[in-house]
1. Can you give the helix-only mean residue ellipticity at 222 nm for the chain, where every DSSP H stretch with n ≥ 4 adds -39500 (n - 2.57) and the sum goes over all residues, rounded to the nearest 500 deg cm²/dmol?
2. Calculate the dipole size of the chain relative to its Cα centre from +1 charges on Lys and Arg beta carbons and -1 charges on Asp and Glu beta carbons; express the result in debye to the nearest 20.
3. Label points 7 Å out from Cα along the Cβ direction at Asp3 and Thr51: separation in nm?
4. DSSP H helices in the chain with Cα extent of 18 Å or more along the helix axis and mean Kyte-Doolittle hydropathy at least -0.5?
5. What range in the chain is the longest one free of GluC sites (Glu not before Pro) that are in a loop by DSSP and have at most 14 other Cβ atoms within 10 angstrom?
6. Give the distance, in whole Å, between the Cα centre of region 7-48 and the Cα centre of region 87-115.
7. Determine, at each q value in 0.16, 0.17, 0.22 (inverse angstroms), the log₁₀ of I(q)/I(0) that the Debye formula gives when each Cα of region 5-142 is one equal point scatterer.
8. Just to verify a number: FRET efficiency for Met73 and Arg124, C-beta to C-beta distance, R0 = 22 Å, to 0.05?
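What follows is calculated from the coordinates using simple rules that are stated; it is not laboratory data. What you see is a predicted model, and the numbers here were worked out from it, not measured in a lab. A quick note on method: Cβ atoms are made from the backbone with ideal geometry, for glycine too, and the neighbour counts reach across all protein chains shown.
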Amino acid sequence: MTDAYRTVAGRASAQFEVRGSEFIGYVSPADGVDAAEAFVAEIEEKHPDATHNVPAYRVPAGPASASNPGDVMLREYQSDDGEPTGSSGKPALNVLVQQDIRNVVAVVTRYYGGTNLGVGGLARSYSRAVKEAVEAAGVVEELPHETFSAEVEYDDSGTVRGILESAGVEFDAEYEESVRFEVRVPVDDADALRERLRNATSGRVELGG
């Protein structure tokens, strides 16, 4: 049985003001570096006029798999985004570390209010923004997941969709010349699900990473 881990239940935000500066903390689940960076870019695009958009994340450095489910190295990243060194990114990341949550990305947006807060004041504000956003999101226990693709002709697509729905897994389907399902499944269940798909389609399904 693969060990569960703690992460945020979904996207959330928290907002407050300190001596005229507005802070908005955002958090989101993220399964890897690409997803984390995409969320950071999304927040930067949402607040292009912000004084700072400070990111921090703890995500798997590589994909989980049945042969390597729980030992995936974590990539921890933070940036001060122009704030004084150590005043913002590190305090934001420390919240994620101290609460032992992973597969998570945080961004704290700051609009400068005209009064310098000092390194200590900044550190307290950035950590508070992440803490309150995490509280708003809620923390849950998750099992490591992996993703794979399953491609079939239209004749088999109903069978595959039915199996995926009965398994209760997350998936997206693209209907083009053939039907391609992108499946997200707990690592412990992935091999059995792939075998079910092979058996149900008499081996016609094309499975990919």
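1. Details: 5 runs with 72 residues, N = 209.
Taking each H run of at least 4 residues, the total per residue is -11000 deg cm²/dmol.
2. Values: 19 positive and 37 negative charges, 211 e Å.
With Lys and Arg at +1 and Asp and Glu at -1, about 1020 debye.
3. Inter-label distance under the simple model: 4.1 nm.
4. Values: long enough: 33-46 (20 Å, 0.11); 118-137 (29 Å, 0.07); 154-167 (20 Å, -0.36); 187-200 (20 Å, -0.99).
Passing helices, by number: 33-46, 118-137, 154-167.
5. 1-152
6. 9
7. At q = 0.16, 0.17, 0.22 Å⁻¹ the computed log10 ratios are -0.73, -0.82, -1.31.
8. On the way: r = 30 Å, r/R0 = 1.38.
Computed FRET efficiency for Met73 and Arg124: 0.10.
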